[in-house]
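Comments concern the structure below.
The values are calculated or read from the model by the stated rules, or taken from the named source; none is laboratory data. This is a predicted model, so every value here is computed, not measured. Here the Cβ positions follow ideal geometry from the backbone for every residue, glycine too, while neighbour counts run over all protein chains shown.
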Amino acid sequence: MLHGFIIQDDGRIVKPFFVLIANPVYNVGQSSGRTVVRSFHATRSFLTHAIRSLVETLMKSLSQLLQSIPPSATIAVNDKAKALKAAGRDVISLAGGDPDFETPAHIVAAAKAALDAGDTHYPPSRGTLAIRQAVAAKMRREYGLEVDPTTQVLVSPGAKFLIYAALSALLNPGDEVIVLAPYWVSYVPLVILAGGRPVVVDLDPANGFAITEAVADAVTPRTKVIMVNSPNNPTGHVISADEAALVRELALKHDLYVLSDEIYEKLIFEGEHINLASLPDMADRTITINGHSKAYAMTGWRLGWAAGPAAIIGLMAKLQSQTVTSAASFTMAAGAEALNGPQDAVEEMRLAYKARRDFMVPALNAIPGVECRPPAGAFYLMVRFPGLSDDSMEIANILLEEAEIAATPGIAFGQAGEGHVRFSIATAMSELERAVERIEKLMAGR
Ligand SMILES: Cc1ncc(COP(=O)(O)O)c(C=O)c1O
């Protein structure tokens, strides 16, 4: 028996039907703008489309929440970059956020030892006590902040999940979350997924994307959370003491929670990291999000931690226990070693990123029609190409098609990122040198 469909010219299914067949190869008939598909072999892709359409037509509708999540503006360029690479083109990728360094050997050794010791079973859902104690010791050592490892720390498979868990713990439907733009691409979708309403506040590139008093204008009676990310992805901005004071003032005045994403804290070239939770009166309303991905080059291990008020961490832990259960057992042995052990590798990587920044920024600014401000932290450059376009998708497309360089269009980080493309300098120096040569050539031809 063959399943058949009556399909309109636009591919929508009008009526499904079944026919008994002896030979599956026959033709396609046409009647008054409708196509009766009778040949499986001749119309395979047509049928694939039709089956998808049938599923959509006949089944109950899918999650409106997930369908409301905006598609990633980075996908188009990344797909194109992949297609060019697959076609054998020598594409230099500056689009990622993954350190090009290996995880330091002593951290890998700790995971191997844990595996050899049989640490392969369900761990405590909140994370092993050892890693939670390592987080608490770090918070005390580096910020003078006391957090109880048994109630105030949660270890999860990655900081991204922790941001989702924190927002889920804080928000009721319709609660507003202030998201400062340019923002990391996942912030807005995560707020929506957690049932909140993102209120995006554009920061000004002219003053280095600093947080200003204008943010207060976005506060309404529904505002519950402000998200801060310092050092920032994508701008590289590191908040000053004045900006931290401003966030604190806003939070205290309007009774807001602060979600402080500090995942790039170890990658600072100028200035000092400020842990917002350790400012006076902030511990009760601040959730610190951090993780191993960037500082320890551990993106694939999926390991991050949050510290904050016990009631909030408790709800986050409940979400974790009912969804992903826990981080993977033996990764946490490595994670504890990363936090407790020698930090030389972290410093070596920071210096390497700094050297790359110090090469790239003047090299790019020396090219007519290209502008780049030096970031104070993280491992990204926001680059403008007034000599090409103000449209970040167009710049990214030109870079890809004419210079074979994959970059992330600034619009992916919100309207405030428009006009820029983001280059990742978590990329080998030799690749960065080649990228500069290609940009020189591209701009010389303009
Ligand atoms: C600002 C920021 N926060 C959080 C994350 C998530 O890190 P992970 O889930 O790998 O711990 C990233 C990753 O790129 C990031 O850039």
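Taking segment 134-152 as the range and being closer than 14 Å to ASN340 by Cβ, in contact (Cβ under 8 Å) with a residue 24 or more places away in the chain and surrounded by 14 or more Cβ atoms within 10 Å (Cβ to Cβ) as the test, the residues that pass are ALA134, VAL135, ALA136, ALA137, LYS138, MET139.
For segment 377-397, a residue qualifies if it is farther than 16 Å from THR408 by Cα and surrounded by 21 or more Cβ atoms within 10 Å (Cβ to Cβ), and exactly one does: GLY377.
Restricting attention to segment 109-133, the residues that are more than 16 Å from the ligand (Cβ to nearest atom) and either under 15 Å from LEU339 (Cα atoms) or part of a helix (DSSP H, G or I) (or both) total 13. None of VAL228, VAL215 is closer than 30 Å to PHE359 by Cα, among the hydrophobic types (A, V, I, L, M, F, W, C) and assigned by TED's automatic domain parsing to the domain that holds ALA283 except VAL228.
For segment 139-162, a residue qualifies if it is in contact with a strand residue (DSSP E or B) (Cβ under 6 Å, 6 or more places away or on another chain) and within 16 Å of the ligand (Cβ to nearest atom), and the qualifying residues are VAL153, LEU154, VAL155, SER156, GLY158, ALA159, LEU162.
Going by what's in this entry, would ALA95 be described as within 16 Å of the ligand (Cβ to nearest atom) and among the hydrophobic types (A, V, I, L, M, F, W, C)? Full working, then the answer.
Working: within 16 Å of the ligand (Cβ to nearest atom): yes; among the hydrophobic types (A, V, I, L, M, F, W, C): yes.
Criteria met by ALA95.
Among the residues of segment 258-289, those that are over 18 Å from the mean Cα position of the chain (by Cα) and closer than 22 Å to ASP202 by Cβ comprise VAL258, LEU276. Is there a residue in segment 54-68 that is within 22 Å of THR299 (Cβ to Cβ) and surrounded by 15 or more Cβ atoms within 10 Å (Cβ to Cβ)? No, there is no match, as no residue in segment 54-68 is within 22 Å of THR299 (Cβ to Cβ) and surrounded by 15 or more Cβ atoms within 10 Å (Cβ to Cβ).
The single condition among (1) modelled with pLDDT of 95 or more; (2) within 16 Å of the ligand (Cβ to nearest atom); (3) in a helix (DSSP H, G or I) that ASN78 does not satisfy is (1).
With respect to the conditions (1) in contact with a Pro (Cβ under 7 Å, 6 or more places away or on another chain); (2) within 16 Å of the ligand (Cβ to nearest atom); (3) assigned to a helix (DSSP H, G or I); (4) over 30 Å from GLY118 (Cα atoms), TYR353 falls short on a single one, namely (1). Taken together, TYR264, TYR257 contain a single residue that is within 16 Å of the ligand (Cβ to nearest atom) and among the aromatic types (Phe, Trp, Tyr), which is TYR264.
State all residues of segment 214-238 that are assigned to a loop (DSSP other than H, G, I, E, B) and either among the basic types (Lys, Arg) or within 16 Å of the ligand (Cβ to nearest atom) (or both); if no residue qualifies, say none. Quick ask: steps written out before the conclusion?
Of segment 214-238, the ones assigned to a loop (DSSP other than H, G, I, E, B) are 219-222, 230-238.
Selection gives ARG222, SER230, PRO231, ASN232, ASN233, PRO234, THR235, GLY236, HIS237, VAL238.
Among the conditions (1) crowded, with 20+ Cβ neighbours inside 10 Å; (2) outside any helix (DSSP H, G or I); (3) among the hydrophobic types (A, V, I, L, M, F, W, C); (4) within 16 Å of the ligand (Cβ to nearest atom), the only one that VAL200 does not satisfy is (1).
Among the residues making up segment 308-330, those that are hydrophobic (A, V, I, L, M, F, W, C), within 21 Å of the chain's Cα centre (by Cα) and closer than 22 Å to ASP148 by Cβ are MET316, LEU319, ALA327.
Residue selection: LEU162 fails the criterion of being over 14 Å from the mean Cα position of the chain (by Cα), surrounded by 19 or more Cβ atoms within 10 Å (Cβ to Cβ), modelled with pLDDT of 95 or more and not β-branched (Val, Ile, Thr).
For segment 166-197: of the residues being among the small types (Gly, Ala, Ser) and away from the ligand (no atom under 16 Å from the Cβ), which is nearest to GLU262 (Cα to Cα)? Filtering segment 166-197 for residues that are among the small types (Gly, Ala, Ser) and away from the ligand (no atom under 16 Å from the Cβ), the one nearest to GLU262 (Cα to Cα) comes out as ALA169.
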